[in-house]
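Take a look at the structure set out below.
The values are calculated or read from the model by the stated rules, or taken from the named source; none is laboratory data. Since the structure is predicted, the reported quantities are computational estimates derived from the model, not experimental observations. Every residue, glycine among them, receives a Cβ derived from its backbone with ideal geometry; neighbour counts consider all protein chains shown.
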Amino acid sequence: MPVRRKKQTSSISVMKIALFLLPLFNLFLLYGIKYRNQELSLTDFKLSFPGNVLNLIFAAVLLIELIVLAFRDKGGFFGKSSLFVRVMSLQSVLLLLAGLVVVLEIHLPVGYLFGFPIAKIVLWFLFFSSQFIQFSLISYCWLLIFRSNSLLFLRTLLNSIFITIFLYGFVFLYTFGTFPVEEKNEPAGDVGVVLGAAVWSNNVPSTILMERLNKARELYAKKKIAKIQLTGGNAPGELSEAEVAFNYLMKFSVDPKDVWMEKKTASTTEQIRFIKNDLIGEKKMKNVVIISDRFHLKRINEISKFYNIKVKLSGSNVTLNSKSLVYYKLREGIALINFWFFAI
């Protein structure tokens with residue numbers, strides 16, 4: 001009997017340690033994966049970045065709730081804490097799987113679904129599942145603290161869904177307004193970077209890409225920028241976005257020597273990484289102007305903060321019908337909150 005009691009005491013002690021360390025372990029694991037996923041070192045880490053703050057807040061809320069429950073219910077709570085430890089361990093496993101995909105550069109399915117790369121969707125699913133588990137634990141602890149035991153698991157699920165919808169809805173509304181751009185005082189810099197966009201059949205730039213290029217040549221004509229950096233890779237059988245953009249610019253009074261091309265990047269984050277490593281890092285460009293659509297500028301600004309670089313932003317004059325505008329802003333909202341939380 002004393003041996004069994006000793007084992008139980010030892011088991012509870014292990015649960016106590018795991019209970020309070022796992023939320024912190026998952027937080028630091030998430031931070032590490034986020035920066036590794038963007039090929040950044042932790043020297044670029046900034047706690048003030050909105051996504052890092054959100055990660056910290058949710059981890060802190062869960063930890064505080066666990067402490068409250070532990071002190072209030074004492075031994076009774078620790079006897080039940082194995083449930084929390086198992087669920088938080090599942091969150092850790094999901095994060096570790098996401099980390100393995102990132103660190104080992106595991107090749108995920110190619111192609112697109114709803115306009116998003118399938119590889120990114122798979123990675124997002126691992127991150128999102130781990131985050132939803134955290135929301136569920138927060139909700140479950142909250143209900144226990146206020147002794148709301150009726151329909152406990154159903155209410156936990158509904159509250160977790162509500163938290164998720166609220167966060168995604170908030171960021172959607174945040175991105176709905178265009179990023180403030182001064183029309184009279186257009187940004188000036190050493191180089192204007194045109195972010196790549198879709199190319200139509202027969203290597204024709206899409207309307208969105210064309211308007212970005214028009215803004216670039218406008219700034220170039222006004223001598224606001226001395227060089228134009230084109231970015232964007234290509235789909236099979238097509239010219240790269242950068243090459244299509246170059247051919248379009250050559251129809252106007254733009255010196256080919258003032259146009260640079262980058263033909264490998266395939267996303268906004270990759271293009272901002274290119275700006276950080278190549279333009280600012282290697283070419284020592286001090287003033288970089290990023291040119292894109294106005295509805296895109298907020299996310300560009302947030303990603304630039306994450307990369308710890310200062311850039312100037314210039315919005316194109318593209319006009320979209322209300323249906324297209326809502327679609328693009330919805331995509332931007334989803335993309336921004338996913339970048340905030342998971343850096344994908």
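Tabulated data for the structure shown
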item: Total residues in the stretch 257-274, condition within 21 Å of Asn234 (Cβ to Cβ) and touching a strand residue (DSSP E or B) at 6+ places or on another chain (Cβ under 6 Å); result: 3
item: Of all residues making up the stretch 246-282, the number that are basic (Lys, Arg) and buried (at least 16 other Cβ atoms within 10 Å of the Cβ); result: 3
item: Boolean, Tyr327 is aromatic (Phe, Trp, Tyr), closer than 30 Å to Asn55 by Cβ and free of Cβ contacts under 8 Å to residues at least 40 places away in the same chain; result: yes
item: Among residues of the stretch 78-96, those that are surrounded by fewer than 19 Cβ atoms within 10 Å (Cβ to Cβ) and modelled with pLDDT under 75, counted; result: 3
item: Odd one out for Gly333 among (1) within 12 Å of the chain's Cα centre (by Cα); (2) more than 16 Å from Gly169 (Cα to Cα); result: (2)
item: Residue in the stretch 214-235 that is modelled with the lowest pLDDT, counting only those that are within 26 Å of the chain's Cα centre (by Cα) and surrounded by fewer than 24 Cβ atoms within 10 Å (Cβ to Cβ); result: Ala235
item: Exclusive hit being basic (Lys, Arg) and at positive phi, set Lys227, Lys264, Lys223; result: Lys223
item: Filter pass, Phe341 being in contact (Cβ under 8 Å) with a residue 40 or more places away in the chain, in a helix (DSSP H, G or I) and over 23 Å from Lys46 (Cβ atoms); result: no
item: Matching residues, the stretch 247-282, being over 27 Å from the mean Cα position of the chain (by Cα) and part of a loop (DSSP other than H, G, I, E, B); result: Met250, Lys251, Phe252, Ser253, Val254, Asp255
item: Which listed residue is at pLDDT 75 or above, surrounded by fewer than 21 Cβ atoms within 10 Å (Cβ to Cβ) and among the hydrophobic types (A, V, I, L, M, F, W, C), from Phe179, Phe172; result: Phe172
item: The stretch 137-153 - residue that is in a loop (DSSP other than H, G, I, E, B) and small (Gly, Ala, Ser) and, of those, surrounded by the most Cβ atoms within 10 Å (Cβ to Cβ); result: Ser148
